[in-house]
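Asks: Handing you a structure now.
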Amino acid sequence: MNDFITVYSGDLMRRIKSRPFIIGLVLGTLAIVALLKLPTMLAPTIVSQGTNILIVADAPIAAQARPLLSKTLTVRGVVPASTKIDAALLKRFDADNAVSIQDVKTGIRITIYAKNPTSVPSGRVRTALLPLQVQHATHLTNAQITAALDARVEVRSLSTTFHSVHQAEAAQGLAMTLVVFLYILVLVNSQFVMSAVAEEKTSRIAELLIATVDPMVLLVAKVLVGATLSVLQLLVWVGIGIALGSSGSGSGASSAAANPFSLAGLLGNTLSPEVIAAFIVFFILGFLQISTVFAGVASLINRTEDLGSISGPMVIPTVAGYFIGILAINAPSLPVVTVTSFVPLLSPFVMFARMAVTHVPTWEIATSIALNLLALWGIAWFAGKLYRVGMMLYGRPPKFAQVWEILRTPS
Amino acid sequence: MLSVEHIQKSFGSVQALRDVSFSIGAGSVFGLLGPNGSGKTTTMRTILNILNPDAGQVTWNGKAIDRAMRRRFGYLPEERGLYGKMAVREQIIYFGRLHGLHEPEAAKRADAWIERLEIGTYALRPAAELSKGNQQKVQIACAALHEPELLILDEPFSGLDPVNADILLAVLLDLKAKGATLVLSSHQMWQLEQLCTAYCVINKGETRATGTLAELRAAWPTRLVRVAPDSKALRDAAAGFGASVAGSENGALDLNVPANSDFAAMLRTFVGADSIVRFEVVEPSLHDIYLRAIGVAA
């Protein structure tokens, strides 16, 4: 146990102080901040582009149009239809666009004269003036038309998991966020574990370590350091997400639905405690499985340059798990989703995603966890065998037959 | 006492150790000799339990080597390695802790070793910034910080300049004086002769000779007798003792004679045969014994 603590703490401190970890943590944090804050920061600037308008219409139509347009745009003034429209006119009213409205037989004709044609709010003008268009075409009253246009489809939830569409959408958004986190953390930190093993082997310090400490202790400590750092990163990112999410307005569910990368939903109880617990359990299972395989295989290489070529094929199950997990969020009942939620290496992504968006029977969750634990045992055996021998194997990279021989040799 | 008994080890189709046996008394310094690829490193790794032997056994004080015992051993591998980005002092402390020292004690000893090895200037610098020789000194500190009962050093002098080699020699003699058992390999015979009390020559994975220098010499079948002048009378007289001419240089004649020859009688015979000015019985050197054991020279 003392050996483990020494190796674990030594390795952890080395990794925490290492440049790649610090850079990764800072860049990841900046990315989270950017994802959460940039849309809000940029929105006023983007939305306000071209929204100052001048209405060019005869008095009766202008009187009807002005309140409609004022809902979403800033009306700087109204001038008669006969007014000559040019840049000077827009400048005089400090407007970006002039909206000309004329009564024609089939309704109204809307023409926008833009100072800058790249920022014309034509969609908003059209939507705002839709009641006027319909009124002029059908001669209904304004109120009748507005009521008809405002009619919404009402959705009532029969699900036991979610009580409203908002809540379901929020859960989907959060599940998506967490699957992305799961993917990034597992992949990045597994590769860190892999490069740490390769570094110890290629720097030849491995022999000195193995002469002192049991190779399995080294392997387990290395994998758990990777897991600790992943949890640390996750806590930092989630903490920042929650802090930034809760500083905004709106309920948790609606915030999460509006922005899938907002973590405000966690505060709004969008995800149940069971789902959050599942995230932690499947995150740990997924990380341990994948990083243990990576560590075992990394012990076979002799040059850090070979890391890329060897990690390529090993990333495939993680990427596959991620994509099926994303699929599961939108279509949790697909047979491929159900089946892969029991397959180790894939199920940490898929089962969690299923649980986040639909009700999964307890026996399925228990079976998936049991299969993952069984697989973890097998992977640890496999990686331990490779690591024990691989760390002392120098020279030419081992051939498949040699690897097979290693696995067959009793410990 | 370290006892290595008939150990064998194969890697796939390559048989690295066929039959290696020797024993080392506690507190002695033991030289492991052999050409490159003879199995020295595999033997050392097997002693340290880094590799499990396919057959045979290794015991320390009569017991099979386990993890707890291994922590009391020290090892300097042939292929040196350090954490390049870790500071020298921190690194030495880390290895001390791996060998069971508490941090304050490890730090105290690390400072003493840093001073002794004259690497104080580099104590807080990353190991990668040090020269190869200074890195090697750091590794020696890492291996010996916990005052091991058994210290195994694979080619400890390689890469060291004469000044640093002397520092290392002094360190090893000091460890020996403190009662540590040392096992070391080197191709520098003179350094081994300065340090070692017993030897084992390995070739092609087999023990070819083992024992103290006196025992190895005793087992040597011939002796070299150097006599001058190189005259026909002396050559004829030598033939009566079963001697063969090994060479002639600077007026002296080198003769190979059986080790159990009566050298006093030989001297009397030579004095009677000619006016000799030189008679010397030359004991075989470690180098001679090594070459003969590996089958390169007779």
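Every number here is computed from the coordinates shown, using simple stated rules; none is lab data. On a predicted model such as this, the values are computed, not experimentally measured, just so you know. Neighbour counts run over all protein chains shown; Cβ positions are idealised from the backbone, glycine included.
Asks: Specify whether the C-alpha gyration tensor of the stretch A:49-150 places it in the rounded, prolate or oblate class, a ≥ b ≥ c being the square roots of the eigenvalues: rounded for a/c under 1.5, otherwise prolate if a/b is larger than b/c and oblate if not.
Replies: Note, shape of the stretch A:49-150 comes out prolate.
Asks: Which residues' amide hydrogens lie under 5 Å from the amide hydrogen of B:Thr181, considering only partners 5 or more residues apart or on another chain, with H built in the peptide plane?
Replies: When sequence neighbours closer than 5 places are left aside, the close amide H contacts are B:Gly27, B:Leu150, B:Leu151.
Asks: Pop out the Kirkwood hydrodynamic radius of the stretch B:68-140 from its pairwise C-alpha distances, inverse of mean 1/r, in Å to one decimal.
Replies: Here the Kirkwood hydrodynamic radius works out to 12.4 Å.
Asks: Could I ask something else about it? Would you list which lysines come within 28 Å of A:Lys399, measuring only between C-alpha atoms, while excluding same-chain residues fewer than 8 positions from it?
Replies: A:Lys201, A:Lys222, A:Lys385, B:Lys9, B:Lys40, B:Lys204
Asks: Would you mind checking the radius of gyration and Dmax of the stretch B:1-156 based on alpha-carbon positions, in Å?
Replies: Rg then Dmax for the stretch B:1-156, in Å: 16.8, 48.
Asks: So for B:Thr212, A:Thr138, A:Thr6, fewest C-beta neighbours within 10 Å to most, what's the order?
Replies: A:Thr138, B:Thr212, A:Thr6
Asks: On full extension of the chain, what length is gained from A:Thr72 through A:Leu35, given 0.36 nm per residue of separation minus the C-alpha to C-alpha distance?
Replies: Roughly 10.7 nm would be gained on extension.
Asks: Another question, if that's okay. Packing-wise, with mean Cβ within 10 Å as the measure, how do B:195-206, A:325-336 rank, highest first?
Replies: Final packing ranking: B:195-206, A:325-336.
Asks: What do the square roots of 5 times the Cα gyration tensor eigenvalues come to for the protein assembly as shown, in whole Å, largest first, as semi-axes of the equivalent ellipsoid?
Replies: Its equivalent ellipsoid spans semi-axes of 85, 27, 21 Å.
Asks: Please give the net charge around B:Ala198, taking every other residue with its beta carbon less than 13 angstrom from that of B:Ala198, where Lys and Arg add +1 and Asp and Glu add -1.
Replies: After counting each charged neighbour, the total is 0.
Asks: Determine ³J(HN,Hα), in whole Hz, for all residues of the stretch A:291-305 in sequence, where each value follows from phi through the Karplus function 6.51 cos²θ - 1.76 cosθ + 1.60 and θ = phi - 60°; x replaces Gly and Pro.
Replies: Along the stretch A:291-305, the couplings run 5, 5, 4, 4, 5, x, 5, 4, 5, 8, 8, 10, 9, 5, 4 Hz.
Asks: Hey, any idea what Rg/Rh is for the stretch B:197-298, computing Rh the Kirkwood way over Cα pairs?
Replies: 1.05
Asks: Follow-up question, since we're still on this one. Would the stretch B:135-223 count as rounded, prolate or oblate if I go by the C-alpha gyration tensor, calling it rounded below 1.5 in a/c and otherwise prolate when a/b exceeds b/c, oblate otherwise?
Replies: prolate
Asks: At a Förster distance of 30 Å, what's the computed FRET efficiency of B:Ser285 paired with B:Ser21, Cβ-Cβ distance as r, to 0.05?
Replies: 0.80
Asks: Here's another thing I want to ask about it. Considering the alpha-carbon set of chain B alone, what are its Rg and its Dmax in angstrom?
Replies: In Å, with Rg to one decimal and Dmax whole: 23.5, 75.
Asks: I need the peptides B:100-107, A:303-310 ranked by packing, meaning the mean over residues of other C-beta atoms within 10 angstrom, with the highest value on top.
Replies: In descending order of packing, they fall as B:100-107, A:303-310.
Asks: To the nearest 500 deg cm²/dmol, what mean residue ellipticity at 222 nm is calculated for chain B from DSSP H runs of n ≥ 4 alone, each contributing -39,500 (n - 2.57), summed and divided by the residues?
Replies: The per-residue figure over chain B is -10500 deg cm²/dmol.
Asks: If I stretch the segment between A:Ile22 and A:Arg126 completely, what's the gain in nm (0.36 nm per residue apart, minus their alpha carbon distance), one decimal?
Replies: Value of the extension gain: 32.4 nm.
Asks: A follow-up question, please. I want to check the label-to-label distance for B:Ala112 and A:Ala331. Put each point 7 Å from Cα in the C-beta direction and report it in nm to one decimal.
Replies: Modelled inter-label distance: 7.2 nm.
Asks: Another question, if that's okay. Antiparallel DSSP bridges in the protein assembly as shown: what percent, to the nearest 5?
Replies: The antiparallel fraction comes to roughly 60 percent.
Asks: What are the ³J(HN,Hα) couplings of the stretch B:171-178, residue after residue, when phi is run through the Karplus curve with 6.51, -1.76, 1.60 and θ = phi - 60°? Round to Hz, x for glycine and proline.
Replies: Whole-Hz 3J(HN,Hα) from phi for the stretch B:171-178: 4, 5, 5, 5, 5, 4, 4, 7.
Asks: Below 20 Å, Cα to Cα, which aspartates and glutamates can A:Lys105 reach? Residues fewer than 8 away in the same chain don't count.
Replies: In chain and number order, the partners are A:Asp58.
Asks: Amide H neighbours of A:Gly77 under 5 Å, counting only residues 5+ apart in sequence or on other chains, H built in-plane at 1.01 Å?
Replies: Under 5 Å from the amide H of A:Gly77 lie the amide H atoms of A:Ile55, each far enough along the sequence or on another chain.
Asks: Using a cut-off of 20 Å between alpha-carbon atoms, which aspartates and glutamates can reach B:Lys232, once sequence neighbours fewer than 8 places away in the same chain are excluded?
Replies: B:Lys232 reaches B:Glu249, B:Asp254, B:Asp274, B:Glu280.
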